[in-house]
Protein chains: 2
Amino acid sequence: MRAESRKEEIINAASILFKEKGYSAVTMRDLAKAMGIKAASLYNHIQSKQEILATIIIDLAEMFTNGMNQIVNSDENTIQKLEKIIDLHIDVTLRNADGLASLNNDWMHLEEENLQYFEKMRQEYEENFRDIVKKGVARNEIKSFNIEIIVFSTLSTLRTLYLWYPKQRNIEAEMLKHDMVSVLLKGIV
Amino acid sequence: MRAESRKEEIINAASILFKEKGYSAVTMRDLAKAMGIKAASLYNHIQSKQEILATIIIDLAEMFTNGMNQIVNSDENTIQKLEKIIDLHIDVTLRNADGLASLNNDWMHLEEENLQYFEKMRQEYEENFRDIVKKGVARNEIKSFNIEIIVFSTLSTLRTLYLWYPKQRNIEAEMLKHDMVSVLLKGIV
DNA sequence: GTAAGAAACTAACAATTGTTAGTTTTGTTT
DNA sequence: AAACAAAACTAACAATTGTTAGTTTCTTAC
């Protein structure tokens, strides 16, 4: 396992604090205390509080974007693509559940270019998702409910995984993937 | 339509700002500007910033608690109860979508008694939900996937409605209820 | 038109914020 | 042991925060 750089340690500590109280409510003194140093010392490793937030969010958003691009460019059927999207969310959640809190709740505190970049990625992600569902309905692979409702309902669950999965001690990733596919696609009744 | 008191106007304006930036990032001067007055003038109507947050969140949490208690104490079957829970979330969302942002994202900034009261209500709500699903599985009204996954998945979608529904111009409440029941209970495949 | 309450205002406060400058300590390499 | 970089420190800053005190203005009822 690669040794973490001091900067990475700070970003990980920040992810946890941001998850607990949100970006705006966490002060640099809070973060320093969590690291066992003084606030001014943080600036030997990072440029600003904003840089921390941007690093957390943009890295994660790019993971989703890259994952979705691979899925879109594959020649699988709709159900297989949806299964891969579920896999993608579970994988990213397992890798960085703390950071996903910032992506979901604090993206609006990004500044200028990073905010625009993030919003563009998010919009394209949702459009790719919607197109997959739309084609699925057109090909009768998916029931023809309102498309927006299907997209919203599925995406809500996947986006909120970060809040829930870390609390579950006895659910394996494979079991989660399997049951999640079933629940989201085939229903519970 | 009943005339809004000045205090209610302030709380509604605060709900919108809290939704956009979160409780911690909204200053009393931001709120005053949105009301067209100076920050100090707010204190003729409210006691503190914290009181505003507590009012928004506790009122909504009590709506959910009361709604859930009615459902639990009814003698309907599992599917009917789940449908009523979906109805409840849609109704509360339609009534106060802005406030739900605070309930979902800023509850941890409540202080002392209100924080405890909220956490108690939330925990009981989730337990009631879980019990309904559990009974449904035991009676073979619901497929026997992992219960936690079913509860999490359904609740995630319902809790996130506030983010999504206000943006939909051409979805009627009745149509939303119908398709949401179908998607969540019967699946999309 | 005056009394009274509601609702706005100005001015200021003490505390906290992110950040910088300059200095000292720690740890490693020669 | 000397040299050097990494990483910590102290002290302070200008701006912003929620809130209070005291005062003025607006609205309504008699």
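The values are calculated or read from the model by the stated rules, or taken from the named source; none is laboratory data. These figures come from a predicted structure and were not determined experimentally. Here the Cβ is made from the backbone with ideal geometry for all residues, glycine too, and neighbour counts use every protein chain on show.
Residue-by-condition table, conditions (1) within 14 Å of chain B (Cβ to nearest Cβ); (2) within 14 Å of DNA strand D (Cβ to nearest atom); (3) in contact with a helix residue (DSSP H, G or I) (Cβ under 8 Å, 6 or more places away or on another chain):
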site: A:Lys7; (1), (2), (3): no, yes, no
site: A:Ser15; (1), (2), (3): no, no, yes
site: A:Gly22; (1), (2), (3): yes, yes, yes
site: A:Ile46; (1), (2), (3): no, yes, yes
site: A:Ile52; (1), (2), (3): no, no, yes
site: A:Ile57; (1), (2), (3): no, no, yes
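Pairs linking a residue in region A:139-152 that is under 17 Å from A:Glu83 (Cα atoms) and acidic (Asp, Glu) to a residue that is at pLDDT 90 or above and not in a helix (DSSP H, G or I), with Cβ atoms under 9 Å and 6 or more positions apart or on different chains, are A:Glu141/A:Asn77.
Note on region B:85-96: residues that are assigned to a helix (DSSP H, G or I) and surrounded by 18 or more Cβ atoms within 10 Å (Cβ to Cβ) amount to 7. When region A:155-164 is filtered for residues that are under 23 Å from B:Leu82 (Cβ atoms) and either more than 7 Å from chain B (Cβ to nearest Cβ) or not in a helix (DSSP H, G or I) (or both), the ones remaining, listed by number, are A:Leu155, A:Leu158, A:Arg159, A:Leu161, A:Leu163. Take the conditions away from chain B (no Cβ under 14 Å), touching a helix residue (DSSP H, G or I) at 6+ places or on another chain (Cβ under 7 Å) and either of a type in the set (Val, Ile, Thr) or touching a residue at least 60 places away in the same chain (Cβ under 8 Å) (or both) and apply them to A:Val92. Does it pass? Judged against the criteria, A:Val92 is a match. Entry remark, region B:10-40: residues being over 20 Å from the mean Cα position of the chain (by Cα) and surrounded by 13 or more Cβ atoms within 10 Å (Cβ to Cβ) number 12 in total. When region B:168-180 is limited to residues that are touching a residue at least 60 places away in the same chain (Cβ under 8 Å) and surrounded by fewer than 18 Cβ atoms within 10 Å (Cβ to Cβ), the one that is farthest from the other protein chains (Cβ to nearest Cβ) turns out to be B:Ala173. Filtering B:Met68, B:Met35 for residues that are within 16 Å of DNA strand C (Cβ to nearest atom), away from chain A (no Cβ under 14 Å), in contact with an Asp or Glu (Cβ under 9 Å, 6 or more places away or on another chain) and at negative phi leaves a single hit, B:Met35. The sole residue among A:Lys81, A:Lys33, A:Lys38, A:Lys7 that is within 23 Å of A:Phe118 (Cα to Cα) and among the basic types (Lys, Arg) is A:Lys7.
Residue-level check: of (1) away from DNA strand D (no atom under 16 Å from the Cβ); (2) touching a Gly at 6+ places or on another chain (Cβ under 9 Å), B:Gly67 misses just (2). A Cβ distance below 7 Å, combined with a sequence gap of six or more or placement on separate chains, defines the contacts here; from region A:35-60, residues that are closer than 13 Å to A:Glu9 by Cβ and at pLDDT 95 or above reach residues that are of a type in the set (A, V, I, L, M, F, W, C) and not in a helix (DSSP H, G or I) in the pairs A:Ile52/A:Ile46. Tell me whether region B:90-107 contains one or more residues that are over 15 Å from the mean Cα position of the chain (by Cα), over 23 Å from A:Ile149 (Cα atoms) and at pLDDT 95 or above. No, that holds for no residue. Only residues that are more than 17 Å from A:Asp131 (Cβ to Cβ), crowded, with 18+ Cβ neighbours inside 10 Å and more than 21 Å from the chain's Cα centre (by Cα) were counted across region A:41-82, and they come to 2.
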